[in-house]
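Derivation of every value follows stated rules applied to the coordinates shown; laboratory data play no part. No experiment lies behind these values; they were computed from the predicted model shown. Ideal geometry is used to build each Cβ from the backbone, glycine not excepted, and the neighbour counts take in all protein chains shown.
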Amino acid sequence: MRHAFPTALIAGALIAALPLAPSSRGLLAQGVTAATIHGTVRATDGTDVDGTEVVVLNTSTGYMAQVEVRNGGFFVAGLEAGGPYTVTAQRFGFHPEERQESSLEVGETLELDFEMRPEAIS
């Protein structure tokens, strides 16, 4: 003879535990929403262009982060997932370079490398 009580008890325990199960919504509530963009900035001759300003702009929220290139590279962490993002590299004496990127996913690391073309200075 089969008893309904243990089955009902197990089902009740599973239903009670559902709010404790991890979900993407739960991760977002805990602050796991960051993405990262990093890369290099070099001149057309391959030399590092230190001092270049890299601006990361989330075009839907207006959030902006600025970093300066050091040792040929840049790193921007803690970016909100979503987007789209526009990333611009600019330095006096070079043509600005811009990349239009689609949305970033939670935990994504996007690598962008820029090649800066010298500007004719008169």
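One table, with the values for the structure above:
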{"read-out": "Residue list for region 45-85, restricted to those being of a type in the set (Ser, Thr, Tyr) and within 17 Å of residue 116 (Cβ to Cβ)", "value": "47, 52"}
{"read-out": "Selected residue [more than 11 Å from residue 41 (Cα to Cα) and hydrophobic (A, V, I, L, M, F, W, C)] from 112, 79", "value": "79"}
